[in-house]
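> Provided herewith is a single structure, encoded as structure tokens, for subsequent inquiry.
The values are calculated or read from the model by the stated rules, or taken from the named source; none is laboratory data. From a predicted model like this one, the values you see are computed outputs, not experimental measurements. Please note: Cβ atoms are built from the backbone with ideal geometry, for glycine as well, and neighbour counts cover all protein chains shown.
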């Protein structure tokens, strides 16, 4: 019996990666770049890629995707190289996947199955795991025809074992549907809890900044550089799946909340689009969204277009309540002869050139972020003698411009706070007196 694309074995498996180019394909990307991305996905799954191939298709063959001659050619290659897995960088129908596995006597994984498996291995939070499992079951439900070899059997029964004449596949589909229903209920509860946490964060005076971008654009490395955190950051596709939040200090000392999010990718499996929509809720709520681009990569423009498309679908656009900027990362990898040209383009595009590895441009990016979210207003505050708690709160949540000790032991403070912080301060410290900032 053929193995499922979600089977996991500890031994290293050898693989062939094939990127089919469909006739009249509208993809603006270079097929070689798409193949390289598929190889990166395979390596992220710990496959040892032995052979790679771009395969133009004269026409799409319904039974196998590839034509008969190419199927035989690949069969010989797989047999000679003794390959275990064939990664087809396209979406295969269940029938195509089954027929190719029979023809090649090897496990076949399509793009959807590959990404699902990577997500399943990398998810760490309860919500992430539930989302992946739900997406995987949805994918497997359409492939039961490939999973079972006893579909012609019928069995009678009663209760949970199925009614008279219910086929095995009907039973399996019903069990899958029941499990998916339970997972959806659990996911609703987990999202409700996250919603409460997000609402609690919105009651604090901290502005929020979200990093978004194509997978492997360097978001996590930049996140670590800006926050001095130690989030997993590797030269690997989908190194980050679950949203991570940390406090970042802006140049003037104000705190802000920075979130690192799951990377985007072209042709994201439809099973995952809805499942991971909640993962990007942090982006929808952010005051500033930073689109991190791998400016040294050959497909930077096409990747940026993919990210912008998803952001648009989520309703995340530049508007009065939200600022959207670009950070052109990996500037250290741009060749010397192109560097001035790229820096000029960044200036014209109002983008921030940075290197998360060397730190180049990161200070300027933080200063820019500080200016973008500076909606604070000047306020004067008179604190009674000995009220160190209120003074400490002001230092944590605002910007102290001036501080003068009074003769009676009190303190006059000139500070900058946003309207939400002022209201919160008044509720927490009613004994303090707000006066004109100009002394």
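> Tell me the residue from 304, 327, 385 that is farther than 30 Å from residue 431 by Cα and not in a strand (DSSP E or B), please.
Values: 327 fails: not in a strand (DSSP E or B); 385 fails: farther than 30 Å from residue 431 by Cα.
So the residue among 304, 327, 385 that is farther than 30 Å from residue 431 by Cα and not in a strand (DSSP E or B) is 304.
> Follow-up. Take region 367-382 and flag every residue that is in a loop (DSSP other than H, G, I, E, B) and touching a strand residue (DSSP E or B) at 6+ places or on another chain (Cβ under 9 Å). Step through it out loud before you land on a result.
Step one: list which residues in region 367-382 are in a loop (DSSP other than H, G, I, E, B), which gives 373-376.
Across region 367-382, the qualifying residues are 373, 374, 376.
> Take residues that are over 26 Å from the mean Cα position of the chain (by Cα) and tell me which of the strands (runs of 3 or more DSSP E) falling wholly in region 30-110 contain 3 or more. Working first, answer last.
On the way: elements: 48-56, 85-88, 107-110.
By residue number, 48-56.
> Anything in region 217-249 that is part of a loop (DSSP other than H, G, I, E, B) and at pLDDT 85 or above? List them, or say none.
Applying the first criterion (part of a loop (DSSP other than H, G, I, E, B)) to region 217-249 yields 217-218, 228-243.
Scanning region 217-249 gives 217, 218.
> Does region 285-296 hold any residues that are buried (at least 19 other Cβ atoms within 10 Å of the Cβ) and part of a loop (DSSP other than H, G, I, E, B), and which are they?
286, 295
> Still on this structure: Is it true that some residue in region 396-414 is at pLDDT 85 or above, part of a helix (DSSP H, G or I), buried (at least 18 other Cβ atoms within 10 Å of the Cβ) and under 36 Å from the mean Cα position of the chain (by Cα)?
Within region 396-414, none of the residues are at pLDDT 85 or above, part of a helix (DSSP H, G or I), buried (at least 18 other Cβ atoms within 10 Å of the Cβ) and under 36 Å from the mean Cα position of the chain (by Cα).
> Same structure, new question: Let me confirm something: among 290, 310, 273, which residue is modelled with pLDDT under 90 and touching a strand residue (DSSP E or B) at 6+ places or on another chain (Cβ under 6 Å)?
Answer to the check: 310.
> Scan region 344-356 and report the pairs whose first residue is in a helix (DSSP H, G or I) and whose second residue is at pLDDT 95 or above, with Cβ atoms within less than 6 Å and a gap of 6+ or a chain change.
These pairs meet every condition: 346/328; 346/353.
> Also: Determine which member of the set 36, 42 is in contact with a strand residue (DSSP E or B) (Cβ under 7 Å, 6 or more places away or on another chain), surrounded by 15 or more Cβ atoms within 10 Å (Cβ to Cβ) and modelled with pLDDT under 95. Talk me through it step by step, then tell me what you get.
Numbers: 36 fails: in contact with a strand residue (DSSP E or B) (Cβ under 7 Å, 6 or more places away or on another chain).
None of the others qualify; the one that does is 42.
> Somewhere in region 174-186, is a residue under 30 Å from residue 363 (Cβ atoms), within 21 Å of the chain's Cα centre (by Cα) and either at pLDDT below 80 or part of a helix (DSSP H, G or I) (or both)? Give the steps one after another, and end with the answer.
As a first pass, look at region 174-186 and keep what is under 30 Å from residue 363 (Cβ atoms): none.
Among the residues of region 174-186, not one is under 30 Å from residue 363 (Cβ atoms), within 21 Å of the chain's Cα centre (by Cα) and either at pLDDT below 80 or part of a helix (DSSP H, G or I) (or both), which makes the answer no.
> Can I ask one more? All but one of (1) in a helix (DSSP H, G or I); (2) touching a helix residue (DSSP H, G or I) at 6+ places or on another chain (Cβ under 8 Å); (3) in contact (Cβ under 8 Å) with a residue 40 or more places away in the chain hold for residue 117; state the number of the condition that does not hold.
Failing condition for residue 117: (2).
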